[in-house]
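Inspection log for the structure reproduced underneath, given as structure tokens.
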Amino acid sequence: MSGTSAALQPPADAEKPVRHPDAPAPGELLGAHYEQCFGCGGGQSHGLHLAARAGEGVTVTAAFTVQPAHQGAPGLAHGGVLATALDETLGSLNWLLRTIAVTGRLETDFVRPVPVGTVLYLEAEVTAVSRRKIYSTATGRIGGPDGPVAVRADALFIEVAVEHFVHHGREEEIKAAMNDPDQVRRTRAFEVNP
Ligand SMILES: CCCCCCCCCC(=O)SCCNC(=O)CCNC(=O)[C@H](O)C(C)(C)COP(=O)(O)OP(=O)(O)OC[C@H]1O[C@@H](n2cnc3c(N)ncnc32)[C@H](O)[C@@H]1OP(=O)(O)O
């Protein structure tokens, strides 16, 4: 069972998440939020190239194929890579809220090993929101939506202002991202939509 720590329990006055009116339609691919993101960017040759799609409500589905570069034990995915896939999928939910947020806490259960070549199918949803705190949960299954559960995670994301990235990020990448000709990626990285 994941998410056992008190920090992952929404308070009694937490609210249901509200899908932003401009959120991508259910079924729509979200695309990468940043070309150099290890989770979803096309510019990382050993990255996960995880593709997430909007679901109903504040949910997403996602998939990635475990590559030889993702191994820990021989022929098996590294646990950190699987945690990255969960983190990325959970992080993409924030685009449906039109909120910029970073992972504060991620609790993961590794239920079964995931061989190289597997398509890991992920489902995630926001369960509650309390001021800056976004509570969410995700499951990763082997092969498809009806496959056996391999990993699970519960997470707490914390909403941040754009200054979080500008202040903490390395200048050359920040400048490059601000000049990204892809307007959607630029918006996802640098606009807070309340
Ligand atoms: C543009 C789109 C990007 C999408 C990326 C998606 C995929 C990738 C997602 C990631 O992996 S993000 C990268 C990994 N995460 C980080 O680098 C975050 C590093 N941590 C921080 O920058 C700060 O600690 C953080 C912004 C999370 C919080 O600092 P703040 O000073 O803004 O908040 P503060 O400490 O005042 O905490 C606000 C509330 O959150 C709670 N909180 C903060 N960190 C927590 C934590 N780790 N565990 C539990 N609760 C936490 C804190 O207790 C408090 O609760 P209350 O409001 O009830 O008092």
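Of the residues Gly91, Gly43, Pro21, the one whose Cα sits farthest towards the positive end of the charge dipole of the chain is Gly91 (charges of +1 on Lys and Arg Cβ, -1 on Asp and Glu Cβ, taken about the Cα centre).
Shape class for the chain, computed from the alpha carbon gyration tensor (a ≥ b ≥ c): oblate, with a/c not under 1.5 and a/b at or below b/c.
Which distance in Å, rounded to a whole number, links the C-alpha centroids of the stretch 162-185 and the stretch 1-50? Using only Cα atoms to place each centre, the spacing works out to 19 Å. Computed from label points 7 Å out along Cα-Cβ, the spacing between Val162 and Leu29 is 2.7 nm.
For the chain, the mean residue ellipticity at 222 nm estimated from helices alone is -5500 deg cm²/dmol, where every DSSP H run of n ≥ 4 contributes -39500 (n - 2.57) and the total is divided by all residues, rounded to the nearest 500. Classified by the C-alpha gyration tensor, the stretch 2-51 has an oblate form. Its axis ratio a/c, with a ≥ b ≥ c, is 1.5 or above, and a/b does not exceed b/c.
Since every read-out is calculated from the coordinates, none of them should be taken as a lab result. Predicted, not measured: the structure shown is a model, and the values here were computed from it. Glycine also receives a Cβ, built like all others from the backbone with ideal geometry; neighbour counts cover every protein chain displayed.
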